[in-house]
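This report refers to the structure that appears directly beneath it.
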Number of protein chains: 2
Amino acid sequence: MATIYDVARKAGVSPKTVSRVMNGDAPVNTETRKAVESAMGELAYVPSRAARTMRSNKTGLVGLITGAISTTPSSPESSGLPDLLIVQGILHVLTEAGITLLISDTGGDPAKVADLTRTFAQHRVEALIYVADYHRKVDLPAIARAETLILVNCFDDAGTPCVLPDDRRGQHALVARLIAAGHRRIGFLTLPEDLVAQGLRLQGYRDALAEAGLAYDPDLVAVAGLHNSGPREVTLIGDAIARMMALDEAPTVLCCGNDRMALQVYGILRSRGVAVPGDISVAGFDDYKLISETLYPPLTTAVLPYQAMGEKAAHMLLERLRANAPAEKENGPLPLISGPVVWRQSVTERNPSAQTG
Amino acid sequence: MATIYDVARKAGVSPKTVSRVMNGDAPVNTETRKAVESAMGELAYVPSRAARTMRSNKTGLVGLITGAISTTPSSPESSGLPDLLIVQGILHVLTEAGITLLISDTGGDPAKVADLTRTFAQHRVEALIYVADYHRKVDLPAIARAETLILVNCFDDAGTPCVLPDDRRGQHALVARLIAAGHRRIGFLTLPEDLVAQGLRLQGYRDALAEAGLAYDPDLVAVAGLHNSGPREVTLIGDAIARMMALDEAPTVLCCGNDRMALQVYGILRSRGVAVPGDISVAGFDDYKLISETLYPPLTTAVLPYQAMGEKAAHMLLERLRANAPAEKENGPLPLISGPVVWRQSVTERNPSAQTG
DNA sequence: CGGTGTCATGACATCGGTGTCATAGCATTG
DNA sequence: CAATGCTATGACACCGATGTCATGACACCG
């Protein structure tokens, strides 16, 4: 591979002049520039980042870790998707900014974090991003010390900067929209109770009810999600639905903890001869398009903006890099990213005047 | 950040000796070694890859590009998932091998490939991987010249090494298994005709029929998939099903082009009062667990082993790197990766003696 | 006891860029 | 015309590792 010396010799100038042509940091005579540029072209010269890094201490690299990072055991709600979508969002923004992403995966083994971090350190990454596969608290090994570090889809006790989904607001918006559509009895089949998202979404649900002056009825709320699909979850959901449908005032719509659960609810309801949305409406959460757009009828759901979270994290990172502010512990409000409600045909409009929202 | 000189000074030795301790490439006195190691520990020394790269010309970096690479327009069957799963597979293997992956995304713009490739070249990546989001032919810009390059989920005319899914074998295995279960009239709702996978899977379908001595009946095959979900696809699939069900000898099972289509088929069948699998069986393709495990009843399907394809590609890469054989055009048989059939409750066993397979 | 081999270590050059400083050439200015 | 300033360029050192070679201290052997 050609070096700056080869180019310099071919163009009949000094290496430093070639450097100046590349970086434009000092005036170069037009003819000299042309000579250098054609020499670079002929030799297919590509400057070496390694050499450049040696002096400038700027690598243009950022490290990203997905998979297990916490030292606490984790409950894998993991479909493996969210973290990948977040990574895509980060990738777009950073690529645009000329930053190259080093990506590693713990493969589920938290013990590997130390190794990966060291590898990143060897490459002198300018910052680290950790992406969790579902909204949760993490317990960071104290390795990623002084470095700029940003957490996505997770948070810790130390106040490390993070980007989180606004589960509460999302559920609130969805339920408010259901109410606007004329629904008053809103069943809620929640995620497992140990998930952070579950508590927040329940709050959002209650917020929306309170805002509309509706009473909170515990009979309409049931923990019905498990961490994985399977016959046990089908039973759990089925029982919850049966209980709710048997109420004096049965729900007119079922909010599900996520789209995956909604998919199960479709099957369960239909196998019992209950039509969606003819007999009862169904709503999800996440907007996994693979499910929400494909279900028949298509699913009304709240967007969990994974891609946007990734983009937000990338922007925060760029800002910090420019400001040269490493790992500033923020005590301001956390950046909570919320997504819109997507209205599809799985929910009936009981109140034709409520087409807004 | 501490350098090898700092460590050497602290330990009272020469930098070269520190280097020897790190690399173990020459004998070092035990006491000297201990002194050096404790100096490294105290200074939290991490060697610089950049400096190391300067002499050795080994970077331990591999570049990966996803998104549009081809200069030909593409039809986006893309749910965005496959490429991500493939990347995960690659990531696991390469991380294990101590190689760090530089990942970029064209964001759908083929024009960016040149930029990305140049960035990778600056980092002196030792190889390039391109990952497509669905099985297709690509038309590579002639940039990634001499370098070791591997294509995943796609192929080109130039004979660049690639890893592809064995669509034909997968469909063959699935249909053979259906036949073993006693099914004789097997409907096939295929993917759009312009997809490479469609032709291969249709061949697999015919292979299995021929092998069992069953006649191929064109009435049982319909192109019913579009590139995206939506009312048009629902209509297409619905019409195809109606036509097949009205045949003198209606199918007892419907094979769908992929799991997403199967999900639609579930909805369409049930909205017409047709029970799955009571009245008719359904099979998919891909084994997107999010769908196949969650559908009610769970979906019988053929695994499209994206993760395994990624792993295979990574292994091929490692082998080439070790052999130092850049971009050898292979003319041997292509590595086609096939996955198993996953048998779930969406297909009835009509022949109780056929529990094998 | 001198020659030879092994062990342990250091001096020095080098990889490919860039920062610093010097300098030659020419124009401008008082 | 001498002093000053700007343009364009090069010489040289340096970033932090490692490859090459030299060397001093022993041990072993005949």
Output the 0 to 90 degree angle, nearest 10, between the alpha-carbon long axis of helix A:81-96 and the longest principal axis computed from the alpha carbons of chain A. 30 degrees
With the label 7 angstrom out along Cα to Cβ, how close does B:Gln122 come to the same site in each of the other copies, in nm, nearest first? 2.3
Computed over the stretch A:167-304, Cα set: Rg, Dmax in Å: 13.4, 38
Let me see the pair-distance distribution of chain A: every alpha carbon pair, 10 Å bin width, integer percents in order. 5, 21, 24, 18, 14, 8, 6, 3, 0, 0
Shielded residues, the stretch A:221-268 - accessible-area loss of 50 Å² or more between chain alone and all protein chains, probe 1.4 Å: A:Leu263
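Counting Lys +1, Arg +1, Asp -1, Glu -1, what net charge surrounds B:Ala2 among other residues with beta carbon under 12 Å of its beta carbon?
Working: positive: B:Arg9, B:Lys10; negative: B:Asp6, B:Glu42.
Residues near B:Ala2 contribute 0 overall.
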Rounded, prolate or oblate (a/c below 1.5 giving rounded, otherwise prolate when a/b exceeds b/c) for the stretch B:81-236 by Cα gyration tensor: prolate
Output the antiparallel fraction of DSSP beta bridges having both residues in the protein assembly as shown, as a percent to the nearest 5. 10 percent
Pairwise burial B:A, computed as accessible area of each alone minus the pair, summed, 1.4 Å, Å²: 4800 Å²
Whole-number accessible area per residue in Å² for chain B, which is evaluated in the context of all protein chains at 1.4 Å: 42 Å²
Name the residue, out of B:Leu151, B:Leu334, B:Leu317, whose mean-square fluctuation peaks in a Gaussian network model built on chain B with Cα pairs under 10 Å. B:Leu334
P(r), alpha carbons of the stretch B:245-318 - 5 Å bins starting at zero, rounded %: 4, 15, 23, 19, 13, 8, 7, 5, 3, 2, 1, 0
Counting helices only, and only those DSSP H runs with n ≥ 4, report the 222 nm mean residue ellipticity of chain B as the sum of -39,500 (n - 2.57) divided by its residues, in deg cm²/dmol to the nearest 500. -12500 deg cm²/dmol
Taking Cα atoms only, helix B:112-122 is inclined relative to the longest principal axis of chain B by an angle, in degrees rounded to 10, of 30 degrees
Residues of the stretch A:100-114 that become at least 50 Å² less accessible with every protein chain present than in their own chain isolated, using 1.4 Å: which are they? A:Thr100, A:Ile103, A:Asp105
Taking the label point as lying 7 angstrom from Cα along the Cα-to-Cβ axis, what are the distances from B:Thr3 to the corresponding position in the remaining copies, in ascending order and in nanometres? 1.8
Partner chain Cβ atoms within 10 Å, averaged over the residues of A:286-294 - can you pull that number for me? 5
Mind checking the log10 I(q)/I(0) for the protein assembly as shown at q = 0.08, 0.11 Å⁻¹? Debye, one equal scatterer per Cα, no solvent, two decimals. -0.72, -1.21
Degrees, to the nearest 10: A:306-323 long Cα axis against longest axis of chain A: 40 degrees
If you put a point 7 Å past Cα along the Cβ direction, how far is that point for B:Asp139 from the same point in each other copy, in nm, smallest first? 5.6
Charge dipole magnitude, Cβ of K and R +1, D and E -1 - the stretch A:167-304, Cα centre, debye nearest 20: 180 debye
Listing of the stretch A:42-60 residues, each with accessible area lower by at least 50 Å² in the full protein assembly than in the chain alone (probe 1.4 Å): A:Val46, A:Arg49, A:Ala50, A:Met54
Ellipsoid semi-axes in whole angstrom, largest first, where each is sqrt(5λ) of the Cα gyration tensor of the stretch B:215-275: 18, 14, 10
By how many nm would the segment from A:Asp157 to A:Arg185 grow when fully extended, if each residue of separation counts as 0.36 nm and the alpha-carbon distance is taken off? 6.3 nm
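On the protein heavy atoms, probe 1.4 angstrom, tell me the percent of accessible surface of the protein assembly as shown carried by carbon and sulfur.
Values: 15370 of 30180 Å².
Result for the protein assembly as shown: 51 percent of the exposed heavy-atom area is carbon or sulfur.
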Which entries in A:Lys137/A:Lys312; A:Lys312/B:Lys312; A:Lys112/B:Lys137; B:Lys137/B:Lys312; A:Lys112/B:Lys312 show an alpha-carbon gap greater than 26 Å? A:Lys312/B:Lys312; A:Lys112/B:Lys137
Counting only C-alpha contacts under 8 Å and six or more residues apart, can you give the relative contact order of chain B as a whole percent? 18 percent
Sorted list, accessible surface of protein heavy atoms, 1.4 Å probe, largest first, for B:His135, B:His315, A:His227 is B:His315, A:His227, B:His135
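The values are calculated or read from the model by the stated rules, or taken from the named source; none is laboratory data. Worth saying up front: this structure is predicted, and the values here are computed from it rather than measured. Backbone-built Cβ (ideal geometry, glycine too); neighbour counts: all protein chains shown. Calculation scope for accessible area: heavy atoms of the full protein, side chains included, ligands and nucleic acids excluded. Shrake-Rupley method; radii C 1.70, N 1.55, O 1.52, S 1.80 Å.
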